[in-house]
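The values are calculated or read from the model by the stated rules, or taken from the named source; none is laboratory data. Everything quoted here is computed from the prediction, not taken from an experiment. Here the Cβ is made from the backbone with ideal geometry for all residues, glycine too, and neighbour counts use every protein chain on show.
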Amino acid sequence: MPPPESPQEAAAPAEQPEATAEPTEGPCAELAAKLDECARELDEERNARLRVLADMQNYRRRAEEQKRDAAQFAISDFAEGLLSVLDNFDRALASAEKAQSFEALMGGVALTQKQLTDVLKRNGLEPIEAAGQAFDPNLHEAILTTEADDVPENTVVEDLQRGYTLHGRVLRASKVKVSVQP
């Protein structure tokens, strides 16, 4: 026969064995399944977010490389056009030296200047026509003034240094002599 219980032992609840196995039925089993499903979805979302972040980093890296390449090789067509101009300068000098002719040199240099002008125009560089035009401080820089009765005041009388625009934007203003009334 078991020994009599003390009042403290009688009041204490009986210990129950710990549940170590997964519940197989009832609401606990449904909650465990739902928890597993949520954990799986969380892992999928986390992986998807990491893939998107990696794709974004790769995109930024590629865009930066393309930008660097574009800046580095932006003038390649322009430089290629200048190579033929340089070749023609060499030919003009060699021809003038061989012929000992100033006229041959002048003809070669004139043709080369036209070729250079054409290359520059193809790449968006245009000369500013100044002589005979009204003075425009956006296009012209007045270096000198001269008194002139035969032209209106503030008219460009002489283009001292030609100015240029690049795709419509002033690259260098023309340095000009402007008329004033006596």
Quiz prompt | Of the criteria (1) of a type in the set (A, V, I, L, M, F, W, C); (2) modelled with pLDDT under 85; (3) surrounded by 13 or more Cβ atoms within 10 Å (Cβ to Cβ), which one residue 142 fails | solution = (2)
Quiz prompt | So residue 132, is it assigned to a loop (DSSP other than H, G, I, E, B) and either touching a residue at least 60 places away in the same chain (Cβ under 8 Å) or over 19 Å from residue 81 (Cα atoms) (or both) | solution = yes
Self-check item: residue 48 being modelled with pLDDT of 85 or more, within 27 Å of residue 124 (Cβ to Cβ) and of a type in the set (Gly, Ala, Ser)
Solution: no
Quiz item: Got a sec? Which of 170, 176, 119 is touching a residue at least 40 places away in the same chain (Cβ under 8 Å), in a helix (DSSP H, G or I) and not hydroxyl-bearing (Ser, Thr, Tyr)?
Solution: 119
Exercise. State all residues of the stretch 61-85 that are within 30 Å of residue 115 (Cβ to Cβ), assigned to a helix (DSSP H, G or I) and not polar (S, T, N, Q); if no residue qualifies, say none.
Key: 69, 70, 71, 73, 77, 78, 79, 80, 81, 82, 83, 85
Practice problem: Please tell me if residue 37 is charged (D, E, K, R) and modelled with pLDDT under 90. | Solution: no
Practice problem: For the stretch 158-172, indicate whether the set of residues that are under 37 Å from the mean Cα position of the chain (by Cα), over 30 Å from residue 79 (Cα atoms) and surrounded by 13 or more Cβ atoms within 10 Å (Cβ to Cβ) is non-empty. | Solution: no
Practice problem: Scan the stretch 39-76 residue by residue and report those that are surrounded by 10 or more Cβ atoms within 10 Å (Cβ to Cβ) and either in contact with an Asp or Glu (Cβ under 9 Å, 6 or more places away or on another chain) or among the hydroxyl-bearing types (Ser, Thr, Tyr) (or both). | Solution: 59
Quiz prompt | Criterion violated by residue 154 - all others in (1) surrounded by fewer than 13 Cβ atoms within 10 Å (Cβ to Cβ); (2) over 28 Å from residue 85 (Cα atoms); (3) not β-branched (Val, Ile, Thr) satisfied | solution = (1)
